[in-house]
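Here's the structure, in structure tokens; my notes come after.
Bear in mind that the values in this text are calculations on the coordinates, not laboratory data. Just so we're clear, the structure is a prediction, and the values are computed from it rather than from any experiment. Counting neighbours? That spans all protein chains shown, and the Cβs are built from the backbone with ideal geometry, glycine included.
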Amino acid sequence: MPGPALTIDDLKERARRRVPRMFFDYADSGSWTEGTYNANEADFSKILFRQRVAVDMTNRSLATRMVGEDVSMPVAIAPTGLSGMQHPDGEMLGAKAAIAAGIPFTLSTMSICSIEDVSEAIGGKPFWFQLYMMKDRDFIANLIDRAKAANCSALVVTLDLQILGQRHKDLRNGLSAPPKINLNTMFQLATRPQWCLSMLGTKRHTFRNIVGHAQNVGDLSSLSSWTAEQFDPQLNWADIAWIKERWGGKIILKGIMDAEDARMALATGADAIIVSNHGGRQLDGAPSSIAALPAIVDAVGDRIEVHMDGGIRSGQDVMRALCLGAKGVYIGRPWLYGLGAGGQKGVTRALDIIRKELDITMALCGERDINNVGKHNLVPGTF
Ligand code: FNR
């Protein structure tokens, strides 16, 4: 494909050609029938903009705030596990690209690079950390303390993974964490020599958020069995109070898809919620995030910041979510495609594409300030 990538889809195709199939599919898949995964993207295109003309479109601004932090546009990088398998040092490169772009980077508990690696890569600047609740509370307490020590400025607590949804592609490809080498996976690696060579160049230890910190996980070989049994099926709202007390900073609750749950989240005193179905990777058959957003904004939007993620593939999609009341959005696959396609430059490209599309879309809707967009920019009956 000649020339620079013009769309997130261009980056996706480049990543597909560069990254071994099991890791590309890990990003590019949803649970069971992938119905919710597909709806996340498809439902955006039904929402239409009101085109306005002869409005002064000079001096435009996308700058705003998310949980009190200045952002150059209301787009954050979503936490994604194993990102370092798309490209060596992937989380460090993603964080660098995000900092340079003036947007938040969220590091997953299940990252390849550790909290400390990422902090070092961005010279101690603040980033966000995503927490999964594990049964081993000592490990969680220690992880929270490490995030604080690394200058993380918000904790994103993911609530929708008490039990793992099944992705058929991962099972068929033999994906595990850490990846196991067998004939199938060897073949997948052999067809991507460039990726293999680049991985040899990385000096970082993998899964250091967990390995060496959780009980009985002294090395990589014990990691996959530990992970399989550690997600806590008993997670409940009282645990949020415990996390809040230990953390003492800003908290964002991720995985809210229901107005009842949004009210429960509000009662915890969290700073924001993320309307999210985990990118269609958990409850297949749940509505798309963009379809779930309006009812949640109606229920709690005047009392807590509502963010959303799932299916955003363009600046137009960001604009649609903002018009429906989201104060910020997160991108998962778009940053992973950029990373797989071209490392830090690829992530920067993904952010540039989305920024430009958002800016032009806002202007053609007759708006100059992203803080002023709303339902009035949408065609009634299309949302
Ligand atoms: C995720 N997601 C996720 N969420 C989370 O809280 N912790 C995690 O470790 C992960 N891991 C993860 C891996 C991969 C490969 C993907 C694609 C997603 C969900 C993620 O934060 C976000 O909710 C979705 O990715 C948003 O949907 P889009 O933008 O990918 O469509």
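Worth pointing out:
- Comparison of 261, 232 shows that the only residue that is more than 15 Å from the ligand (Cβ to nearest atom) and of a type outside the set (A, V, I, L, M) is 261.
- Of all the listed residues (345, 356), the sole one being more than 16 Å from the ligand (Cβ to nearest atom), closer than 22 Å to residue 16 by Cβ and in a helix (DSSP H, G or I) is 345.
- Residue check, residue 172 of a type in the set (D, E, K, R) and in contact (Cβ under 8 Å) with a residue 12 or more places away in the chain: no
- Test: residue in segment 86-97 that is buried (at least 21 other Cβ atoms within 10 Å of the Cβ), in a helix (DSSP H, G or I), of a type in the set (D, E, K, R) and within 13 Å of the ligand (Cβ to nearest atom): yes
- Residues in segment 256-269 that are surrounded by fewer than 22 Cβ atoms within 10 Å (Cβ to Cβ) and of a type outside the set (Asp, Glu): 259, 263, 264, 266, 267, 268, 269.
- Scope segment 98-108; condition over 13 Å from residue 152 (Cα atoms) and either within 16 Å of the ligand (Cβ to nearest atom) or of a type in the set (Ser, Thr, Tyr) (or both); matching residues: 98, 103
- Any helices (runs of 4 or more DSSP H) falling wholly within segment 130-227 and containing at least 3 residues that are within 30 Å of residue 253 (Cα to Cα) and small (Gly, Ala, Ser): 137-149
- Cβ pairs under 9 Å, 6+ apart, first in segment 330-343 and within 13 Å of residue 9 (Cβ to Cβ), second assigned to a helix (DSSP H, G or I) and within 6 Å of the ligand (Cβ to nearest atom): 333/27; 333/279; 337/27
- Answer residue from segment 269-290, given it is outside any loop (DSSP other than H, G, I, E, B) and more than 9 Å from the ligand (Cβ to nearest atom) and is farthest from residue 168 (Cα to Cα) among those: 272
- Residue match in segment 277-288 (condition: small (Gly, Ala, Ser), touching a strand residue (DSSP E or B) at 6+ places or on another chain (Cβ under 9 Å) and free of Cβ contacts under 8 Å to residues at least 60 places away in the same chain): no
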